[in-house]
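The structure under discussion appears below in the form of structure tokens.
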Amino acid sequence: MRDVLIFGIIFALVPSMFRRPAIGALVFMWLSIMNPHRLTYGPAFAFPFAMMVGLITLIALAFSKEPRRYPFTPVTVLLVALAVWSTITTLFALTPQYAWMEWNRVIKTLLMVVITITVINTEADLKKLTWILALSLAVFGVKGGLFTLATGGAYRVLGPAGSYIAENNSLALAFVMAVPLIWYIRLQAEKRWLRHGLAVVAVLTVIAAAGSYSRGALLAGAAMMGFLWLKSRNKASTGLVLLLIVPLVFLAMPEQWHMRMATIGDYRTDGSAMGRINAWQFAMEVARQNIMGGGFMVFNPAMFRIYAPNPLDYHAAHSIYFQVLGEHGYIGLAIFLLLILAGWHTAGKIIRTVKDRPDLKWARDLAAMSQVSMLGYMVGGAFLSLAYYDYFYYVVAALVITQKIVARKPLPAANANRVLDEIAPEPANILEPGSAHART
């Protein structure tokens with residue numbers, strides 16, 4: 001039944017995708033982030049839905065008469081720069097047999113992000129995008145949170161098999177990034193039952209992140225929740241929910257969870273932590289000897305035997321920063337960091353632009369919660385190899401689209417009159433006694 005449902009939904013959307021490339025971009029994003037086909041057990045599991053939807057979107061884009069605009073901003077330029085530089089580094093990769101496979105996946109992600117920015121030009125489509133971003137992971141958050149509560153946290157929460165978030169640590173970071181977007185759509189909900197329901201979804205998603213047993217997620221989650229409170233419009237209700245989450249998580253989790261979390265600061269006796277340090281030193285050595293880094297997938301046993309301080313202690317990068325450094329060198333790392341900074345600056349600019357616009361309160365909320373999501377990614381990503389995770393790039397894309405839409409929104413009449421008065425104040429009455437003209 002799951003296979004039939006997935007095939008039915010996607011093929012039913014094909015005509016709409018041909019008519020509007022924006023629909024194709026949204027469907028591709030849903031498939032990329034949620035991986036619904038990985039929840040099946042039949043032919044849908046390995047069916048190339050993403051390739052099919054991507055091709056349909058490209059065809060629709062070529063023939064569509066809808067507006068297509070890829071704005072020229074620091075974010076959009078850096079996205080293209082990252083794609084170009086990673087292609088160059090792949091040409092000179094130290095292990096090309098692995099590099100090109102990963103390049104194929106990453107380039108598809110960046111291409112579809114660029115297309116999404118190009119074809120989504122309306123507030124309605126942007127809000128669909130944010131709902132998909134939030135709920136695609138909320139499904140697993142609710143399921144994982146209930147599972148953690150039901151089992152007393154005795155088992156780790158895992159993602160769908162064969163997906164990018166199958167591993168517990170990756171899924172935990174995805175949850176941390178999704179909670180602010182879930183909170184955003186809660187802020188926009190007009191019905192009380194929906195607001196309360198989404199608050200419960202956010203709480204369960206945080207519990208699911210704890211149920212992953214990821215120590216990096218604990219740090220990222222703490223930073224994210226603190227910043228969520230700081231960025232929230234209603235600090236009283238948000239603070240109350242956050243204060244309820246902390247004791248709930250600590251009471252729900254068993255002793256082995258508390259023991260694992262307690263090892264965060266004792267890295268010298270933790271083999272996993274020491275292995276990560278070895279991997280980070282490996283990345284720096286690869287970048288030192290190769291200006292373009294080692295190319296995608298350079299973190300492999302063969303390369304560790306050449307560049308790692310401990311050649312036998314092979315580990316994945318376990319850091320978005322060292323992952324990019326090892327694979328694309330210091331130039332690639334600079335582009336990646338500038339992209340994060342540009343996304344953050346874009347959000348701040350949106351917040352400043354709409355601060356006096358009640359009609360654009362949704363844009364302010366989206367920018368603020370996007371910053372919270374990005375902070376979770378920056379903190380949690382310091383311990384995980386998720387440099388090319390789709391979710392981050394779509395959050396940045398949502399900010400660029402928001403900026404594009406806000407720039408086209410006309411000022412309300414009152415604001416417009418105030419601006420006109422500031423630009424061209426009313427001239428003095430030439431008949432008024434005492435005026436310059438009257439004295440003349």
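The values are calculated or read from the model by the stated rules, or taken from the named source; none is laboratory data. Bear in mind the structure is a predicted one, so any value in this text is a computation, not a measurement. Virtual Cβ from ideal backbone geometry, glycine too; neighbours counted across all protein chains shown. Surface areas here come from the heavy atoms of the whole protein model, side chains and all, with no ligands, DNA or RNA. Shrake-Rupley method; radii C 1.70, N 1.55, O 1.52, S 1.80 Å.
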Going through 187, 218 one at a time, which residue ends up being at pLDDT below 90 and open to solvent by 10 Å² or more (accessible area, probe 1.4 Å)? 218
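Considering the stretch 5-22 alone, what residues qualify as being open to solvent by 30 Å² or more (accessible area, probe 1.4 Å) and under 16 Å from residue 58 (Cα atoms)?
Initial filter on the stretch 5-22 (open to solvent by 30 Å² or more (accessible area, probe 1.4 Å)): 5, 7-9, 11-13, 15-16, 18-20.
Those that are open to solvent by 30 Å² or more (accessible area, probe 1.4 Å) and under 16 Å from residue 58 (Cα atoms): 13, 15, 16, 18, 19, 20.
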Checking residue 99 against (1) part of a helix (DSSP H, G or I); (2) within 25 Å of residue 206 (Cα to Cα); (3) aliphatic (A, V, I, L, M), which single condition isn't satisfied? (2)
Would you confirm whether or not the stretch 379-389 contains a residue that is of a type in the set (Ser, Thr, Tyr), open to solvent by less than 10 Å² (accessible area, probe 1.4 Å), in a helix (DSSP H, G or I) and at pLDDT 80 or above? no
Just to be sure I understand, how many residues within the stretch 117-151 are open to solvent by less than 30 Å² (accessible area, probe 1.4 Å) and outside any helix (DSSP H, G or I)? 2
Unmet criterion (only one of (1) out of contact with any Gly (no Cβ under 9 Å at 6 or more places or on another chain); (2) surrounded by 13 or more Cβ atoms within 10 Å (Cβ to Cβ); (3) more than 17 Å from residue 172 (Cβ to Cβ)) for residue 243: (2)
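Take residue 296 and tell me if it is touching a residue at least 40 places away in the same chain (Cβ under 8 Å) and in contact with a Lys or Arg (Cβ under 8 Å, 6 or more places away or on another chain). Spell out how you get there, then give the answer.
Working: touching a residue at least 40 places away in the same chain (Cβ under 8 Å): yes; in contact with a Lys or Arg (Cβ under 8 Å, 6 or more places away or on another chain): no.
Considered against the rule, which asks whether it is touching a residue at least 40 places away in the same chain (Cβ under 8 Å) and in contact with a Lys or Arg (Cβ under 8 Å, 6 or more places away or on another chain), residue 296 comes out as no.
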Members of the stretch 293-321 that are surrounded by fewer than 24 Cβ atoms within 10 Å (Cβ to Cβ) and assigned to a helix (DSSP H, G or I): 301, 302, 303, 304, 305, 306, 307, 321
Just the residues that are open to solvent by 10 Å² or more (accessible area, probe 1.4 Å) and under 12 Å from the mean Cα position of the chain (by Cα), please, taken from the stretch 351-378. 375, 378
